[in-house]
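Participant: Below are the structure tokens for one structure; questions will follow.
The values are calculated or read from the model by the stated rules, or taken from the named source; none is laboratory data. These numbers were taken from a predicted model, which means no experiment stands behind them. Heads up, the Cβs are rebuilt from the backbone with ideal geometry, glycines too, and the neighbour counts pull from every protein chain shown. Areas reflect the complete protein model, heavy atoms only, side chains present, ligands, DNA and RNA absent. Shrake-Rupley method; radii C 1.70, N 1.55, O 1.52, S 1.80 Å.
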Amino acid sequence: MGSVQRAMRLLESVAEHEHGAPAKQLARETGLALPTAYHLLRTLVHEGYLRRDKGLFFLGEAAERLSSSGAEQKRRSTVVEALAHWRDLIGVPVYYAQYRNGEIEVLCVSESPGNPAVEEWADFRETGHAHAIGQCLLAQLDDEARRDHLDRYPVQSITPYTVRDGHSLLRRLERTARMEPVTERQEYALGTVCAAIPITLGNAAATMAISLPAHQADRLLAATQQLQAEIGRLMGTLAISISI
């Protein structure tokens with residue numbers, strides 16, 4: 001354990017020197033005997049956590065991968081915490097999804113026993129035409145990408161309220177303003193109404209969405225507007241984190 005602690009102190013010390021530092025300086029800063037510092041530094045270089053160049057030590061690729069992984073986890077935590085906050089504030093399950101590599105991907109769902117999420121009884125990727133998340137993402141695509149998606153996942157009725165054919169869906173999507181929320185009522189799941197809000201992420205299509213039991217449909221508009229306002233307040237903080 002003592003060796004691990006000393007090695008960690010050396011890593012922390014190296015990280016503070018953008019332009020590198022020699023072994024003697026690192027030994028002095030960490031309070032280690034020079035032979036001990038040399039031994040640990042050589043081991044860290046061998047394992048890829050440090051690299052040595054002209055007598056100076058820098059963080060290596062292994063340490064940078066750890067840093068990148070930690071930053072990614074922090075970004076994801078920011079999104080998870082935001083969704084949980086909105087879930088409790090508005091009293092609805094909250095979803096975050098993106099359109100990536102030609103697929104609809106629901107990346108995060110925040111629910112509670114009192115506000116359960118919609119059960120994915122039919123694959124969300126294959127039924128984007130039927131749920132608010134998919135419709136919102138498809139509405140943000142250009143015509144070619146939209147038609148490509150529907151060629152791969154043709155429109156099919158999964159409830160009595162689902163849009164009947166691809167032509168009708170395309171007309172609906174074309175009428176949807178770019179930043180306008182999308183709502184659907186029992187098109188994906190009977191007894192459920194949903195709304196999805198488009199999110200601007202450069203050229204990427206993304207959305208935050210909510211769902212409610214059909215008997216609470218009168219809450220949908222107000223809840224959607226409240227979520228829009230909340231997203232607007234936090235968008236600066238989420239702009240980077242939202243790319244989980």
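Participant: So what is the 222 nm mean residue ellipticity for the chain from helices alone, if each DSSP H run of at least 4 adds -39500 (n - 2.57) and you divide by all residues, rounding to the nearest 500 deg cm²/dmol?
Facilitator: -15000 deg cm²/dmol
Participant: Once whole DSSP H runs in the chain are found, which of them have Cα atoms spread over 15 Å or more along the helix axis and a mean Kyte-Doolittle score of at least 1.0?
Facilitator: Going by DSSP H runs, there are no hits.
Participant: Over the range 21-166, one equal point on each Cα, no solvent: what is log10 I(q)/I(0) by the Debye formula at q = 0.08, 0.14, 0.19 Å⁻¹?
Facilitator: -0.48, -0.79, -1.13
Participant: At 1.4 Å probe size, with every protein chain present, just tell me what the per residue accessible area of the range 5-69 comes to in Å².
Facilitator: Normalised by residue count, the accessible surface of the range 5-69 is 65 Å².
Participant: For residue 45 and residue 203 in one chain, what is 0.36 nm times their gap in residues minus the Cα-Cα distance, to one decimal in nm?
Facilitator: Full-extension gain reported as 52.9 nm.
Participant: Scan around residue 129 for amide H atoms under 5 Å from its own, H built in the peptide plane at 1.01 Å from N, and keep only partners 5 or more places away or cross-chain.
Facilitator: Correct list: empty.
Participant: Report the gain in length on full extension from residue 18 to residue 112: 0.36 nm times residue separation, minus Cα-Cα distance, nm rounded to one decimal.
Facilitator: Additional length available on full extension: 29.3 nm.
Participant: Now, a different point. Can you give me the relative contact order of the chain as a percent, contacts being Cα pairs under 8 Å and 6 or more apart?
Facilitator: In percent, rounded to a whole number, it is 16.
Participant: Now, a different point. Within the range 112-146, name every residue whose backbone N is under 18 Å away from a label modeled 7 Å from Cα of residue 171 along the Cβ vector.
Facilitator: 129-130, 139
Participant: Give me the compactness ratio for the range 73-125, meaning the Cα radius of gyration over 2.2 N^0.38 Å.
Facilitator: In units of the globular-protein estimate, the range 73-125 measures up at 1.21.
Participant: Follow-up question, since we're still on this one. Calculate, for the range 115-244, the solvent-accessible area per residue in square angstrom, rolling a 1.4 angstrom probe over the heavy atoms of the protein chains.
Facilitator: On a per-residue basis, 49 Å².
Participant: Another one. Each label point is 7 Å from the Cα along the Cα-to-Cβ direction; what then is the distance between the points at residue 100 and residue 151, in nm?
Facilitator: Taking the simple label geometry, residue 100 and residue 151 are separated by 2.5 nm.
Participant: Compare the peptides 204-211, 138-145, 107-114 by average per-residue count of other Cβ atoms within 10 angstrom and give them in order, highest first.
Facilitator: By packing density, highest mean first, the sequence is 204-211, 138-145, 107-114.
Participant: Pop out the ³J(HN,Hα) list for the range 177-188 in order, Karplus 6.51 cos²θ - 1.76 cosθ + 1.60 with θ = phi - 60°, rounded to Hz; leave Gly and Pro as x.
Facilitator: 5, 4, 9, 8, x, 10, 10, 9, 10, 6, 7, 9
Participant: What percentage of the solvent-accessible surface of the range 43-192, computed with a 1.4 Å probe over protein heavy atoms, is contributed by carbon and sulfur atoms?
Facilitator: Ligands and nucleic acids excluded, carbon and sulfur give 46 percent.
Participant: Hey, what does the equivalent ellipsoid look like for the range 88-244, semi-axes from the Cα gyration tensor as sqrt of 5 times each eigenvalue, largest first, whole Å?
Facilitator: 22, 20, 14
Participant: What is the list of residues in the range 112-148 whose amide nitrogen lies under 20 Å from a point 7 angstrom out from the Cα of residue 222, following Cα to Cβ?
Facilitator: Only 114-116 fall inside the zone, counting backbone N under 20 Å.
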